[in-house]
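Asks: Below you will find the structure I want to go over with you.
The values are calculated or read from the model by the stated rules, or taken from the named source; none is laboratory data. Just so it is clear, the structure is predicted and the values come from calculations on it, not from any experiment. Using ideal geometry, Cβ is built from the backbone for each residue, glycine included, and neighbour counts are taken over all protein chains shown.
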Amino acid sequence: MPKPILTIKNLTKTYGQNVIFQNLDLTVNEGDTIVIIGPSGTGKSTLLRCVNLLTRPNEGQIWLDDLEITAKGTDEDQVRQHIGMVFQNFLLFNHLTALGNVKLGLTRVKHLSDEEATEKALHELSRVGLADRADHYPGQLSGGQQQRVGIARALAMDPRVMLFDEPTSALDPELIGEVLEVMRKLALDGMTMLVVTHEMGFAREVADRIVFMEKGYIVEEGSPDEMFNHPKFDRTREFLWKITELYGKKEKEAE
Amino acid sequence: MDFGQFLSYIASGTVYTVGVTLIALPAGLLIGTILALFYVYGGKAAARVMNLYSTIFRGIPPVVLLFILFFAVSKGINLSAFWAGSLSLGVVSSAYQMEIVRGALLSVSGDQLMAARAVGLSRMQAIRYVVLPQAVRLAIPPWSNEAAIVIKDSSLVYALGVPEILRRAQLIGASSQQYLLAYLSAAVIYFLLVSLTTRMLNHLEQKLSIPSNP
């Protein structure tokens, strides 16, 4: 019996009259990689932010393991420690080295000693292949390297689940591969991951389930085989065809 | 009296000028930074109060405030002209420094705060360890401007009778009837103090700059 790590029920988010998504249900089981796809503006990023409590949903519940994190009086800082987040624009702390970026949460949130934090941070940096860049500042790193530091920073907190918000969308095509490679490795290591991306190659190879979202609703979800080869809805087929075409072209151009 | 004595009489006022500056500037920085944090992160009501504070203190000539604060304060507590003048200038400067720090805080992208919260830092921690260190760097150039202004405004305490550079230039000018020479000497000393300070702060700015590839 698979163990759910993240359970989302009836989640609704609106900004004024603007409904971002409505009555969303989603379960993420331990060790699963779930890829969310869909046109921009359909609430994928907002969904991730709700899971991390960076945005408060209007209605509905989210459970992390057995804890309802949307309940009143939840310690948000406590919850976020257990949820890793990787941003489209990396959002490394500009004034800190790669090591400093990974260490900050360890010393200030987990209260590790400086020595312990350094050791752990170097370990996480080597997991993403950047131990030799530990003393570089974000401005001295390529986009791909910055994003890998961003992943290491989130991993260092030993999260229950990792959220990826279009982690490769801001990268030059030749730098996308190194980030996807790190994510692929993470998935193989059994990390539970919720990924918003347009990288169909990654989705097809790595995802346990693909969720297609449009206009604030989950249109369809299923295994990569079901989604790519036997989608139930024309809309899913259409979107996948379009996006594969578009990104396939980009990949060819990059070669 | 030879020129050496003449000049050293004026120059000995530097102790007071530097003293006033070294009290007013840090006092203004401390108050200004605290107020700026309230302004930016304290919600709407706090922002309105801070805005009022800033408008009032920036809307009145420093020398008028100096007199008001001096006479108001010295009625309550027995404060020397030197301390009263220095602290009053600090209050005046705090309004300007608040605006400098506020601008710097706002220049650090809100995304940085969000990224820090995502790691699990509390709001206070995120401000302290992520936003402030970046804001300090952004604040140095405008702050260097304010430092120069405070050094020059320190001459205002002469109105309270503190024997700083300008006061001494005036006194010795009167006694020797060499007004032009006296004020020129004062001007040169102020100029040297300001340019030395600016240079030191430029150096600090470079030292703290975050390395990046061109």
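Asks: Against the definition (within 16 Å of the chain's Cα centre (by Cα) and under 23 Å from residue B:193 (Cβ atoms)), how does residue B:24 come out, yes or no?
Replies: yes
Asks: Please identify the pairs in which a residue from segment B:25-44 that is closer than 17 Å to residue B:127 by Cβ has its Cβ atom under 7 Å from the Cβ atom of a residue that is part of a helix (DSSP H, G or I) and basic (Lys, Arg), counting only partners at least 6 apart or on another chain.
Replies: Cβ pairs passing all conditions: B:36/B:102; B:39/B:102; B:40/B:102.
Asks: Now for a separate question. Scanning segment A:163-199 for residues that are assigned to a helix (DSSP H, G or I) and touching a residue at least 60 places away in the same chain (Cβ under 8 Å), which turns out farthest from residue A:37 (Cα to Cα)?
Replies: Looking at residues that are assigned to a helix (DSSP H, G or I) and touching a residue at least 60 places away in the same chain (Cβ under 8 Å), I get A:174.
Asks: May I pose another question? Determine whether residue B:159 is surrounded by 15 or more Cβ atoms within 10 Å (Cβ to Cβ) and either within 27 Å of residue B:90 (Cβ to Cβ) or not aromatic (Phe, Trp, Tyr) (or both).
Replies: When the stated conditions are applied, residue B:159 passes them.
Asks: Pull up segment A:208-255, narrow it to residues that are among the small types (Gly, Ala, Ser) and modelled with pLDDT under 90, then point me to the one that is surrounded by the most Cβ atoms within 10 Å (Cβ to Cβ). First the steps, then the outcome.
Replies: To start, the set of residues in segment A:208-255 that are among the small types (Gly, Ala, Ser) comprises A:216, A:222-223, A:248, A:254.
Next, from what is left, pick out any that are modelled with pLDDT under 90: A:216, A:248, A:254.
Working: A:216: 22, A:248: 12, A:254: 12.
Per the criteria, the residue is A:216.
Asks: Hey, does segment B:62-72 have a residue that's over 19 Å from the mean Cα position of the chain (by Cα) and within 14 Å of chain A (Cβ to nearest Cβ)?
Replies: Checking segment B:62-72: not a single residue is over 19 Å from the mean Cα position of the chain (by Cα) and within 14 Å of chain A (Cβ to nearest Cβ).
Asks: Now a separate question. Does residue A:125 satisfy the condition of being touching a helix residue (DSSP H, G or I) at 6+ places or on another chain (Cβ under 6 Å), crowded, with 23+ Cβ neighbours inside 10 Å and more than 14 Å from every other protein chain (Cβ to nearest Cβ)?
Replies: Yes; evaluated as a whole, the condition is true for this residue.
Asks: Looking only at helices (runs of 4 or more DSSP H) that fall completely inside segment B:1-112, which ones have 1 or more residues that are closer than 27 Å to residue B:140 by Cβ and at pLDDT 90 or above?
Replies: Once the helices (runs of 4 or more DSSP H) in segment B:1-112 are filtered for at least 1 residues that are closer than 27 Å to residue B:140 by Cβ and at pLDDT 90 or above, what remains is B:14-41, B:43-58, B:81-107.
Asks: Further question on the same structure: Kindly list, by first and then second residue, each pair from a residue in segment B:79-92 that is farther than 15 Å from residue B:64 by Cβ to a residue that is outside any helix (DSSP H, G or I), limited to pairs with Cβ atoms under 7 Å and residues at least 6 apart or on different chains.
Replies: B:81/B:161; B:81/B:162; B:82/B:162
Asks: Only one of (1) buried (at least 18 other Cβ atoms within 10 Å of the Cβ); (2) of a type outside the set (Ser, Thr, Tyr); (3) within 13 Å of chain B (Cβ to nearest Cβ); (4) outside any loop (DSSP other than H, G, I, E, B) is not met by residue A:62, so which one is it?
Replies: (3)
Asks: Could you please let me know if residue B:100 is in contact (Cβ under 8 Å) with a residue 60 or more places away in the chain and within 13 Å of chain A (Cβ to nearest Cβ)? Give the derivation first.
Replies: On the way: in contact (Cβ under 8 Å) with a residue 60 or more places away in the chain: yes; within 13 Å of chain A (Cβ to nearest Cβ): no.
No: the conditions fail for residue B:100.
Asks: Inside segment A:99-122, can you point out the residues that are part of a helix (DSSP H, G or I), farther than 20 Å from residue A:85 by Cβ and either of a type outside the set (Ser, Thr, Tyr) or modelled with pLDDT under 95 (or both)?
Replies: Answer for segment A:99-122, where residues must be part of a helix (DSSP H, G or I), farther than 20 Å from residue A:85 by Cβ and either of a type outside the set (Ser, Thr, Tyr) or modelled with pLDDT under 95 (or both): A:114, A:115, A:116, A:119, A:122.
Asks: Could I ask something else about it? Report whether or not residue B:126 is within 30 Å of residue B:184 (Cβ to Cβ) and of a type in the set (A, V, I, L, M).
Replies: No: the conditions fail for residue B:126.
Asks: Could you check segment B:115-128 and list, in sequence order, the residues that are surrounded by fewer than 19 Cβ atoms within 10 Å (Cβ to Cβ) and facing chain A (nearest Cβ under 7 Å)?
Replies: Within segment B:115-128, B:122, B:125 qualify.
Asks: Moving on to the next point. When you check residue A:169 against the structure, is it under 25 Å from residue B:128 (Cα atoms) and more than 14 Å from chain B (Cβ to nearest Cβ), yes or no?
Replies: no
Asks: Going through segment A:65-81 one residue at a time, which ones are under 14 Å from residue A:54 (Cβ atoms) and either aliphatic (A, V, I, L, M) or surrounded by 18 or more Cβ atoms within 10 Å (Cβ to Cβ) (or both)? Explain how you work it out, then say what you get.
Replies: From segment A:65-81, those under 14 Å from residue A:54 (Cβ atoms) are A:69-70, A:74, A:76-77, A:79-81; that's our starting set.
Scanning segment A:65-81 gives A:69, A:70, A:79, A:80, A:81.
Asks: May I ask you to list pairs of residues, at least six apart or on different chains, whose Cβ atoms are under 8 Å apart, with the first in segment A:32-59 being within 13 Å of chain B (Cβ to nearest Cβ) and the second being acidic (Asp, Glu) and in a loop (DSSP other than H, G, I, E, B)?
Replies: Close Cβ pairs (under 8 Å, with a partner that is acidic (Asp, Glu) and in a loop (DSSP other than H, G, I, E, B)) amount to A:45/A:166.
Asks: If I filter segment A:46-66 for residues that are under 18 Å from the mean Cα position of the chain (by Cα) and closer than 20 Å to residue A:235 by Cβ, do I get at least one hit?
Replies: So far as segment A:46-66 goes, yes, one or more of its residues are under 18 Å from the mean Cα position of the chain (by Cα) and closer than 20 Å to residue A:235 by Cβ.
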